[in-house]
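Heads up: the structure comes next, in structure tokens.
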Amino acid sequence: MQKNTKKIRQDVAKGIHFVVIYRSKPVFEIRPLPSTTEFTEAFKTEGIYTQDFLNRMEEAENDIKKGKVKTYSPEDFLKSLS
């Protein structure tokens with residue numbers, strides 16, 4: 001997958017989503033995010049997230065709007081998952 005990261009990112013930017021299969025079972029999806037407003041509104045209307053989480057999401061949206069976003073290389077991202 002690391003070799004295909006650029007291609008996957010380009011495809012996701014076009015609206016394509018992927019379901020990753022491991023041992024014949026789907027384990028996660030890679031999909032484009034809706035606009036940040038739709039994303040936060042979906043969390044609020046579902047009512048399953050804590051207020052702290054919603055506050056952090058709003059803060060993240062503001063950081064995105066201000067261009068203050070931290071990016072990770074694919075390798076760093078995978079390390080963060082372990």
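Just so you know, all these numbers are worked out from the coordinates, no wet-lab data involved. Since we're looking at a predicted model, the values are computed, not measured. Note: ideal-geometry Cβ built from the backbone for every residue, glycine included; neighbour counts use all protein chains shown.
For Thr5 and Glu58, what is the calculated FRET efficiency with R₀ set at 25 Å and r taken between the beta-carbons, to the nearest 0.05? Don't jump to the answer; show the numbers that get you there.
Details: r = 29 Å, r/R0 = 1.15.
Given R0 = 25 Å and the Cβ-Cβ separation, E is 0.30.
Which length gain, in nm to one decimal place, applies between Phe18 and Asp76 when the Cα-Cα distance is subtracted from 0.36 nm times their residue separation?
Details: separation 58, 0.36 × 58 = 20.88 nm, distance 2.08 nm.
Working it through step by step, the gained length comes to 18.8 nm.
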